[in-house]
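Enquirer: Sharing a structure with you now.
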Amino acid sequence: MDMNEQYVVQVCNMLNTGIVILDKDFKVHYWNRWMEIHSGIPLGKITGIPIFDFFPNLNNPKFLRNCKSLFTFGNYYFLSQKLHTYIFPFHPVSASEFNFEFMQQSGSMFPLRGESGEIKYICLAIHDVTEMVSYEQKLLEMARRDILTGIYNRRFLEERMKEEFEKHRRYNRPLSLVIFDIDHFKHINDTCGHQYGDYILKSVTTAAKPCLRTVDTFARYGGEEFCCILPETHLTAALTVAERLRNAIATQEYFFNDTIIRATVSVGVSEVCENITTPDALFKGADDALYEAKKTGRNKVVSINNLNRLS
Amino acid sequence: MTSSNDGVLNELEKDALKEIINIAFGKAAASLADVIGLYVILNVPKIEILLPEEVQRFISAEIHESKGLNIIEQYFIGKIKGAAFLVLSYESSKQLISLLPGEENKEMFEFFSIAMLEQETVTEIGNIIIGACVSKIADFLKDFVTYTPPRFIGGKFSHNDLPQKIFDRESYVIVLKTIFQFENRDISGFLFLVNSFESINWLKQAIKEYLKQYGYE
Amino acid sequence: MTKKILIVDDSIIARMAVKKAIPKDKPYELHEASDGLEGLEKFKTIVPDVTFLDLTMPVMTGFQALEEIKKIDKNALVIVLTADIQAKTMEKVNNLGVFMMIKKPSSKEEIQDALEKAIKYKESR
């Protein structure tokens, strides 16, 4: 096969992939046109210079460890976009609805051997995966969001719950759950119609959002049921949040055909504690408390502690 | 292929292979200490000669663990060709993250789920351990191998099909099993290397040369 | 005077390697064991002058066997043969009291040399 050097060099420069060759001291031995274009650094300027001089972000234990492995064992190192997002901080090529700060990249590294088979260099191949990541994010958002209200859906809620529980288990951080349910929702739908019911659902979430922090997970659990996972939060603080929620929703005015109607919610609150050690138990606790709130008049907040006192 | 296992390797060859692997793994462990900064012990390898369809049962039986497992699967192609499976319990995997030196862990937790970080860590270490062991064996054959990206599998070992282009259903494979332990004895796992029939011939060649040194022809 | 040498290694080949390295013209009596436990038993019954010990063995590892041997006789001369030459491993065996550590695969000369040194050391005491 006629693969002499001039063709190889052309291939390297035409490829829509970044190619960087480093020696044992991490000095750049070669860098292709894709790299020149996206970095703005011509080959002449970077040859023989340690890559960390231009890209200090690479000088981290993980990158160093894997390069060492490559030089020692001749294995490969795969850098996924998932964990790294980018390897070289380059600008995205085209705009995307997600406005990534940097081009999303994945890469692979492999050894290059000399005449006698010893490993002389390592080669890093970089791929621009921004477009793919955009699609992925879009799909994820669609899969996680409730269409009507725009907040998270039940699927995502259960995912987050597992994650928060894991954090709690690992670091012993407090975790609370608030569940609320719109009072007499069926009645509202029957008297005002389903479109109005939808309007109420949306308005309730709008009223609730300011009561929650960005680290909290707010999701629509069922038809008129909502959940808030509150990490790093004890029951007392969770009760305060719950009360604030209840109040915000109760005091908001909802317009229907020139009349103002009120909507209220019943709220149940629980936290992980001695008796509550699984996601299911946490839900059940809050659910039982919610049920109690409904039974004892609605438009109120009940916690698992209240339940214990009653039983 | 109907000949018995012993037709593939005789007792002496098996012993020689075990010793070759033992030496290869000893070197791998020493290099690993250097690369990942952790003390690793790679134990005596167990060698089995099986048909591809028997591999899953063998590995599952060796693992004994019915609870959660993290498995890294990687294929390698050189004179020796085959698959590597690195198996760690959930518990060992969790402890592994905290053991890795110099990790920028704290901030990572803000952006990534714990599950993903564990997955990444196990995959990275798995990739390196597999690379260490396979490359040292390849060294004996004066060969170097190419690798596929490591694949992370969570759950249990239920590998039904080994890829057709590497494993011929009719031919035997050599399975090597090693237990590895990290500094902290609670972190341990298994490494299984499944080598295809073609590899067996190359290995036999290397064994022959090794035995020559000791007067066995 | 006959010197007794015990070779403990689970590999036939490895034991063969040591046996072949030992000079035939000297009054050496050779014994073998194929795992740590058997090695320990033979150490008790034969009372060798020098013991060659592998580290990675089934049933009882070389580390454990070394520990036990030293309990029986703290002056026992043990030469460890191992492929695992990490600093930490060396530290561990040194702490247990090994005479010498040789890297596998070892050459005839390395084995002979180690054996001679061990015999000389024993005779000088």
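Enquirer: With runs of 4+ DSSP H residues as the only contributors, calculate the mean residue ellipticity of chain B at 222 nm using -39,500 (n - 2.57) per run, divided by the residue total and rounded to the nearest 500. Intermediate values should be presented prior to the final figure.
Expert: On the way: 6 runs with 98 residues, N = 217.
Helices in chain B give a 222 nm mean residue ellipticity of -15000 deg cm²/dmol.
Enquirer: Which ordering of C:I5, A:I21, B:I187 is given by a fewest-first count of other beta-carbon atoms within 10 Å? Walk me through the numbers on the way to the answer.
Expert: Working: C:I5 24, A:I21 17, B:I187 21.
The order, fewest Cβ neighbours first, is A:I21, B:I187, C:I5.
Enquirer: Also, I was wondering about something else. What order do you get for B:S196, A:S69, C:S106 when you list them from fewest to most C-beta neighbours inside 10 Å? Working shown, then result.
Expert: Numbers: B:S196 23, A:S69 28, C:S106 20.
Ordered by Cβ neighbours within 10 Å, fewest first: C:S106, B:S196, A:S69.
Enquirer: A further question follows. Report Rg (one decimal) and Dmax (nearest whole number) for chain B, counting Cα atoms only, units Å.
Expert: Taking only Cα atoms of chain B, I get Rg and Dmax of 17.6, 62 Å.
Enquirer: Which of B:Y172, B:A29, B:A132 sits closest to the plus end of the dipole of chain B, meaning its Cα is farthest towards the positive end, when Lys and Arg get +1 and Asp and Glu get -1 on the C-beta?
Expert: B:Y172
Enquirer: What list of ³J(HN,Hα) couplings, whole Hz, do you get for the range C:116-125 from phi and the Karplus terms 6.51, -1.76, 1.60, once you set θ to phi - 60° and write x for glycine and proline?
Expert: Whole-Hz 3J(HN,Hα) from phi for the range C:116-125: 4, 4, 5, 4, 4, 4, 5, 5, 6, 9.
Enquirer: Right, another one. Given H placed on each backbone N at 1.01 Å, which residues far from C:I85 in sequence or on other chains put an amide H within less than 5 Å of it?
Expert: Under 5 Å from the amide H of C:I85: B:A30.
Enquirer: Averaged across the residues of A:159-169, what count of C-beta atoms belonging to other chains lies within 10 Å of each residue's C-beta? Before the final figure, lay out the partial values.
Expert: Numbers: counts 2, 1, 0, 3, 4, 1, 0, 5, 3, 0, 2.
Mean shielding by partner chains, rounded to a whole number: 2.
Enquirer: Report the charge-dipole magnitude of chain C in Debye, nearest 20, computed about the Cα centre from +1 at each Lys and Arg Cβ and -1 at each Asp and Glu Cβ.
Expert: Once rounded to the nearest 20, the dipole reads 340 debye.
Enquirer: What percent antiparallel are the DSSP beta bridges of the protein assembly as shown, to the nearest 5?
Expert: Values: 82 of 106 bridges.
If I count the DSSP bridges inside the protein assembly as shown, around 75 percent turn out antiparallel.
Enquirer: Report the charge-dipole magnitude of the protein assembly as shown in Debye, nearest 20, computed about the Cα centre from +1 at each Lys and Arg Cβ and -1 at each Asp and Glu Cβ.
Expert: Details: 77 positive and 87 negative charges, 213 e Å.
Here the size comes out at about 1020 debye.
Enquirer: Using the Kirkwood radius built from alpha carbon pairs, what does the Stokes-Einstein equation give as D for chain A at 20 °C and 1.002 mPa s, in µm² per second?
Expert: On the way: Rh = 23.8 Å.
In µm²/s, the coefficient is 90.
Enquirer: Moving to a separate point now. Can you list the HN-Hα couplings for the range A:99-114, worked out from phi with the Karplus curve (6.51, -1.76, 1.60; θ = phi - 60°), rounded to whole Hz and with x for Gly and Pro?
Expert: 6, 5, 5, 10, 4, 7, 9, 10, x, 9, 10, 8, x, 10, 9, x
Enquirer: Of A:P61, A:P231, A:P42, which is the most mobile in a GNM of chain A whose springs link Cα atoms less than 10 angstrom apart?
Expert: Answer for the Gaussian network model of chain A: A:P61.
Enquirer: Provide A:T214, C:T45, B:T146, A:T233 in ascending order of the number of other Cβ atoms located within 10 Å of each residue's Cβ, fewest first.
Expert: Values: A:T214 5, C:T45 8, B:T146 13, A:T233 23.
Least to most surrounded, the residues fall as A:T214, C:T45, B:T146, A:T233.
Enquirer: Most fluctuating residue of B:V194, B:V44, B:V35 in a GNM of chain B with Cα springs under 10 Å: which is it?
Expert: B:V35
Enquirer: Follow-up question, since we're still on this one. Name the most mobile residue of A:E274, A:E118, A:E224, meaning the one with the largest mean-square fluctuation, in a Gaussian network model of chain A with Cα contacts below 10 Å.
Expert: Among A:E274, A:E118, A:E224, the largest mean-square fluctuation in the Gaussian network model of chain A belongs to A:E274.
Enquirer: Taking the alpha-carbon distance from B:K156 and a cut-off under 18 Å, which lysines remain once sequence neighbours fewer than 8 residues away in the same chain are dropped?
Expert: The reachable lysines, counting only those whose Cα sits under 18 Å from B:K156, are B:K67, B:K94, B:K177.
Enquirer: What's the whole-number percent of alpha carbon pairs in the protein assembly as shown lying beyond 33 angstrom?
Expert: Working: 130262 of 212878 pairs.
Cα-Cα pairs of the protein assembly as shown separated by over 33 Å account for 61 percent.
Enquirer: Follow-up question, since we're still on this one. Per DSSP H run of n ≥ 4, the term is -39500 (n - 2.57); total these for chain A, divide by its residue number, and report the mean residue ellipticity at 222 nm rounded to 500 deg cm²/dmol.
Expert: On the way: 13 runs with 139 residues, N = 311.
The per-residue figure over chain A is -13500 deg cm²/dmol.
Enquirer: Over its Cα atoms, what ratio of radius of gyration to 2.2 N^0.38 Å does the range A:5-136 give?
Expert: On the way: Rg = 14.9 Å, N = 132, 2.2 N^0.38 = 14.1 Å.
Ratio of Cα Rg to 2.2 N^0.38 Å: 1.06.
Enquirer: Also, quick follow-up: How long are the three semi-axes of the equivalent ellipsoid for the range C:1-124, computed from the Cα gyration tensor as the root of 5 times each eigenvalue, in whole Å, largest first? Each step should come with its number before you reach the end.
Expert: Values: eigenvalues 73, 52, 44 Å².
Ellipsoid semi-axes (Å, largest first): 19, 16, 15.
Enquirer: I've got another one for you. Averaged over peptide B:30-42, how many Cβ atoms belonging to another chain are found within 10 Å of each residue's Cβ?
Expert: On the way: counts 9, 6, 4, 6, 5, 10, 4, 3, 1, 6, 3, 8, 3.
Whole-number average of other-chain Cβ neighbours for B:30-42 is 5.
Enquirer: While we're here: Each residue of the range B:37-51 in turn: what ³J(HN,Hα) in whole Hz from Karplus with 6.51, -1.76, 1.60 and θ = phi - 60°, glycine and Pro shown as x?
Expert: Whole-Hz 3J(HN,Hα) from phi for the range B:37-51: x, 10, 7, 10, 10, 10, 7, 3, x, 9, 10, 10, 10, 9, 8.
Enquirer: Once you charge only the Cβ atoms, +1 for Lys and Arg and -1 for Asp and Glu, what is the size of the charge dipole of the range A:5-136 about its Cα centre, to the nearest 20 debye? Before the final figure, lay out each step's value.
Expert: Working: 10 positive and 12 negative charges, 90 e Å.
Dipole size: approximately 440 debye.
Where a number appears in this text, it was derived from the coordinates with a stated rule and is not lab data. Please read all numbers here as calculations on a predicted model, not as lab measurements. Counting neighbours? That spans all protein chains shown, and the Cβs are built from the backbone with ideal geometry, glycine included.
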